[in-house]
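See structure below.
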Amino acid sequence: MLTRCLFLLTAVLLAPVLALATPLADKVVEHRLGNGLRLLMVERHDTPTVSAYITLGVGSVHESSETRGVAHLLEHMLFKGTTTLGTTDYRAEEPLLLEIEQVGSELDRLRLQPAADPVRVADLEARLKTLQEQHKAFVVKDAFAQLYSESGAVGFNAFTSKDMTTYLVSLPANKLELWALLESDRMKNAVLREFYTERDVVREERRRSYESNPDGLLYETLVSTAFTVHPYRNPIIGWHTDIANLTLAETRDFLRRYYAPVNTTIALVGDFRAAEAVALVERYFGGIAPGEPVPAVAAVEPEQAGEKRVAIEFDAEPQLAIAFHKPTLPDRDDYAFDLIDQVLGQGRTSRLYRRLVEKEQLATAVAVYGAPGSRYPNLFVIEAVPRHPHTSAEVEAAILDELERLKNEPVSATELTRARNRLLTDNLRALRSNSGLARMLTTYQVLAGDWRYLVDYETRIGELTAEDLRATAQRWFTSKNRTAVTLQRKGGAER
Amino acid sequence: MKGKLLLRATLGWCGSLLALLVTACAPSLPQRPEQLAYPPLEFRIPPVERFELANGVRVYLREDSELPLVQITAMIGSGALAAPPDLTGFDGLFAATLRTGGTAAMPAALLEERLALLAADLAGDMGPYATQLGLSVRRADLAEGLGIMADLLRRPDFASDKLELARRSAREAVRRRNDDPDEIASRLLSAALYPGHPLGASPTLTSLDAVTREHLQAFHRGHFRPDNLWVAVSGDVRRADLQPLLEQLLGDWPRGGPAVAALPPLNPPRAGLLQVVGKEVPQATILLGDLGLTKEDPDQYAARVLNFILGGGDFNSRLMREIRSDRGLAYSAWSQFQIGRRYPGPVMAGTETKNASAVEVLGLIRRIMTGLREQPVTPDELRTARESLVNSFVFSFADPHAVVVQRMQLDFYGYPADYLERYRERIAAVTAQDVQRVALRFLHPERQQIIIVGAPDENGAVLESFGLPVRRVKAEELP
């Protein structure tokens, strides 16, 4: 309860008189465990449910070139249980797991050798299969999912991004202790069983999201082209050969190295008492060793030396994407880009919609967004869907012309007001659901180092002028800083 | 800075106090979920306030003042099935032009300017049975936002240039309909399950070109009436303020009498068929389907339990467990029983797997379906499914706006008054025998529709071995 009062005090110090600041700042209760784990809580007693987010400040950006895809594969593996859950008897299971790992690693090594003896490979494959069959006797399938599901929990899931990894679930309010038990067990005692099967699952995920889908392919190509040095260039999921050659040892190492309280932010939003939740989290997570902080990424993307342009082929109608490098938060230009994003591409009054979709009817849709992460300098992206018979080239020319306008004339006062209103109101809308609020809190705690980024946001946005936006556009919307990707059918001709 | 230091000091004190309490009350930490005991969940279905305007507008309200926002769904009780026959795609054009075409009093451009300045969200949608406008505004902008919405409901202009814009966009979507494997599979499945019926039809360039502004206006005249209007409101507004506002905006709109649309009869689904749509992608999208049940059907509760065990229960379902978790053959594998409101909804199952394993996975899915027909589900499976469906019921009420819209729709579609109240006990009463009976009724490997999009490796006539006629076509040859 004391913590609550202090947050009211903080709110007063910051003088947040505007839309988002007030509802948020006086509701968040913060608690830091002795081991560094950070707990953010918002009580809401309308419905007896709680949304729980656990976010680790580690993502694919922290992989090496040898371990691309490991952050995401590990996220999958952490659904496979612990030393007590997901197994009939871990003591008896453990030797078999070791043997599976030995055979599996040997097989991975051999497959990379061009002169490998095919008989030996086939033998090992058969041996691995036999061991995996034997192992099934010890596996209690998907124990976490079953326990959560029977308890009435929904949305049990996880996602890996460039910058962070989040494990989320929403539970009936009386089951909060089940969450604490399962998640602390997962942090302390995870067992990476069924590894080789899960690698195949991830390869299917890759085929589905990036190889059979034109949008996914366009996006992946854009990001991997725009960056040369910074690990933002690597797909979170990894390339096929990355996934196929990730080892259990590498996956376990990533877990031990980074999954620690000092890198963890938990957000609980819903029907509970903060003091009781603090006690619960202290009890289950308090005994875990703090661990080491995730190191900052050393690689810095050098200034781009000239335009990058790629044409990819896929069995689909044409699409295009254009990206410009830009700084990330809390750089002033990042706030300016939030406003530019609105003026340029959000809604029916935005410049690109009005010109490309409504007036010249060159495109049926335009989308503008920031990518691929937010902890390091990132990209401002514009995507468009040309309308037949108009070509990607025509659409691109119109987009670039609109960017020139932004560089040469200040946006109108109305455009600026509209953009500010939209950003602040949408932030407010994101707080409506328990899970939405939990997501905002953990995301900004990890990305900005403090969830109060959200509280200060309105002030920062309010300080920027039309002249600031023009200066930002001039700095970054240059041909040298541009990456363009077009997608079309084989042969490149647009029908 | 001062505030921060103070904060840290106090937290430290708070933490050590709690540590003492913990030590005193709980000497050891539970290791397994079975060791936990849960307090009972105190939950009652949240009440929704209902009132009616003198001209028949039905209003549903749930006040929620946590955030200064208000959300409104205005629903006209007529949809695509009431549109002129053969105008496939009318629904999308009507909804888009209603939303963007301005009003008699306020031209489209001005209307967009106002909405944008308020940061209001306004969306239009036409489903088979109903047409909706959805609005989200800040509390302070409620009167203006609701005014625009009422004007669109009563006096939409359906501006010709906006109809043409929507038409061109819809035409482009037709050109792009073979880009995405999922979209191809869904389109072919609907056509096979609802042949010759609006529910099974997809727009064509010809059908889109046939829609005129007069068609849109005629639909509006025939169906947009206060006695055919249902309004759901949630957020930071009190009835004492809302009701006079609605009376002022809608009160002088005269009743129009019932706007009943005949429901065209269904034809029997096409005979079982396996369609292979060739597309150069590394993965085959597999979709299976049959006709299912309506909301009047007493088997709907057993069907929900069956669906959970088949493929609706994520990792607790057989499809996910056998295809993904045991064999690594897919990322997602799912099933769905859509409970139809007026017509039987589809029963579907689907997955995506690399082309080399497409035949194996299709065989697995069919074997799992046959298994559910031939053997009762296990007590463990039944328990997990029933407990999950019963215990997660509370989440149907987590979003205040969803609560109001749900109440409104239950009334509109004529669900029994005790539907929500009795839902959990009905699920809890489902037996393994019920599940098997429903599996026999709805899972028919011998006559189902199967669509595969991709380049499945078929060594010879393997696909023919499933016992269904096989039709092979390339994506670009599809009508």
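All of the numbers you see were taken from the coordinates with simple rules; none came from a lab. These figures come from a predicted structure and were not determined experimentally. For neighbour counting, all protein chains shown are included, and Cβ atoms are generated from backbone atoms with ideal geometry for every residue, glycine included.
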Report, largest value first, the span of the C-alpha coordinates of the protein assembly as shown along each principal axis, in whole Å.
77, 77, 65
Extension gain (nm, one decimal) between A:His240 and A:Lys188, 0.36 nm per residue minus Cα-Cα
15.7 nm
In nm, give the distance between the simple-model label positions of B:Gln336 and B:Ala429, each being 7 Å from the Cα along the Cα-to-Cβ direction.
2.9 nm
Counting DSSP beta bridges in segment B:49-250, what percent are antiparallel, to the nearest 5?
80 percent
Radius of gyration and maximum dimension Dmax of segment B:129-240, Cα, Å
18.3, 52
If you take the Cα atoms of chain B, find Rg, then find the Kirkwood Rh from the mean of 1/r over all pairs, what is Rg/Rh?
1.02
Taking every residue of B:109-120, the Cβ atoms of other protein chains inside 10 Å of its Cβ average out to 5
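Assuming R0 = 51 Å, can you tell me the calculated FRET efficiency for the pair A:Asp253 and B:Glu247, based on Cβ-Cβ distance, to the nearest 0.05?
Numbers: r = 68 Å, r/R0 = 1.33.
Using R0 = 51 Å, I get an efficiency of 0.15.
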Report the percentage of all Cα-Cα pairs in segment B:283-348 whose separation exceeds 16 Å, rounded to a whole percent.
49 percent
May I ask you to work out the translational diffusion coefficient for segment B:230-333 at 4 °C, viscosity 1.567 mPa s, via Stokes-Einstein with Rh from the Kirkwood sum over Cα pairs, reported in whole µm²/s?
65 µm²/s
Lys/Arg Cβ at +1, Asp/Glu Cβ at -1, dipole of chain A taken about the Cα centre: which of A:Leu33, A:Asn245, A:Ala371 is farthest positive-ward?
A:Ala371
DSSP-defined antiparallel bridges as percent of all bridges, the protein assembly as shown, nearest 5:
75 percent
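Averaged over peptide A:26-34, how many Cβ atoms belonging to another chain are found within 10 Å of each residue's Cβ?
Per residue, the average neighbour count from other chains is 2.
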With R₀ set to 30 angstrom, the calculated FRET efficiency between the beta-carbons of B:Ala356 and A:Tyr369, to the nearest 0.05, is 0.30
Mean shadow area (nm²) of the C-alpha convex hull around segment A:308-492 is 11.2 nm²
Point-charge dipole on Cβ atoms (K/R +1, D/E -1) for segment A:308-492, about Cα centre, debye to 20
180 debye
Could you pull out the pairs from A:Lys129/A:Lys188; A:Lys359/B:Lys474; A:Lys27/A:Lys326; A:Lys141/B:Lys354; A:Lys326/A:Lys490 whose alpha carbons sit more than 26 Å apart here?
A:Lys129/A:Lys188; A:Lys359/B:Lys474; A:Lys27/A:Lys326; A:Lys326/A:Lys490
Tell me the label-point distance for the pair B:Glu296, B:Ser28, using the 7 Å Cα-to-Cβ offset, in nm and rounded to one decimal.
6.0 nm
Per residue, the convex hull enclosing the Cα atoms of chain A spans a volume in Å³ of 165 Å³
Reduced to Cα centres, the span from segment B:250-302 to segment B:389-413 in Å works out to 22 Å
When the Cα centres of segment B:427-479 and segment A:225-284 are compared, how far apart do they sit, in Å?
39 Å
Determine one quarter of the surface area of the Cα convex hull of segment B:49-250, which equals its mean projected area, and express it in nm² to one decimal.
12.3 nm²
What FRET efficiency would be calculated for the residue pair B:Asp457, A:Arg91, taking the C-beta separation as r and a Förster radius of 56 Å, to the nearest 0.05?
0.85
Using a basic spin-label model with each label point 7 Å from the Cα along Cα→Cβ, how many nm lie between A:Glu409 and B:Asp161?
1.8 nm
Scattering profile of segment B:305-415 from the Debye formula, Cα beads only, expressed as log10 I(q)/I(0) at q = 0.15 Å⁻¹, is -0.78
C-alpha center-to-center spacing [segment B:309-339, segment A:300-365] in angstrom:
38 Å
A correct fewest-to-most ranking of B:Trp253, A:Trp451 by other Cβ atoms within 10 Å would be B:Trp253, A:Trp451
